[in-house]
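Working notes, beginning with the structure itself.
The values are calculated or read from the model by the stated rules, or taken from the named source; none is laboratory data. Values in this document were obtained by computation on a predicted structure and should not be read as measured data. Using ideal geometry, Cβ is built from the backbone for each residue, glycine included, and neighbour counts are taken over all protein chains shown. SASA here: full protein model, heavy atoms, side chains in, ligands and nucleic acids out. Shrake-Rupley method; radii C 1.70, N 1.55, O 1.52, S 1.80 Å.
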Amino acid sequence: MWMQKKWFKLFTWYVTASFFFAFGAIVISMFRFGPTEQETMNFMMGMMKAMETSLMGLSMQVKEDANVQRLVYESVQFAFPLLAISIAGGVYVRCRRKV
């Protein structure tokens, strides 16, 4: 019988679980009011503090600091020749070992 097959049991489980989560979301949204102004402000303050230590916050600090910008520029100017030398050295070693 088709009701005994695995696909039907899996489909029944999937539908039951989705209805359970949908019902839970409806009940939570009905009985829980929206966040208060203080909760919203606390959330936004937390997000701003987290942004200061994230990569986006650090990049904003780099953009404002002239000394750090100069340091980044000089390190990039130093890194590209080292990268080219290391690639050339790797190719040389690779070709030398084949001979």
Per-residue HN-Hα couplings for the range 35-50 [Karplus 6.51, -1.76, 1.60; θ = phi - 60°; Hz; x = Gly/Pro] = x, 6, 5, 5, 4, 5, 5, 4, 5, 5, 5, x, 5, 5, 5, 5
Cα centre as origin, Lys/Arg/Asp/Glu Cβ charges: the range 9-99 dipole, Debye = 920
Over the chain, with neighbouring protein chains present, the accessible area per residue in Å² at probe 1.4 Å is 98
Sulfur and carbon atoms: percent of accessible area, the chain [1.4 Å] = 73
One computes Rg over Rh for the chain from alpha-carbon atoms, with the Kirkwood Rh, and obtains 1.39
Selected from Ile87, Gly57, Pro35, residue furthest toward positive end of dipole (the chain; charges at beta carbon) | Ile87
Rounded to a whole number of µm²/s, how large is the Stokes-Einstein D of the range 50-99 at 4 °C and 1.567 mPa s, given Rh as the Kirkwood radius over C-alpha pairs?
-> 96
Can you list the HN-Hα couplings for the range 8-21, worked out from phi with the Karplus curve (6.51, -1.76, 1.60; θ = phi - 60°), rounded to whole Hz and with x for Gly and Pro?
-> 5, 5, 5, 5, 5, 5, 5, 5, 4, 5, 5, 5, 4, 5
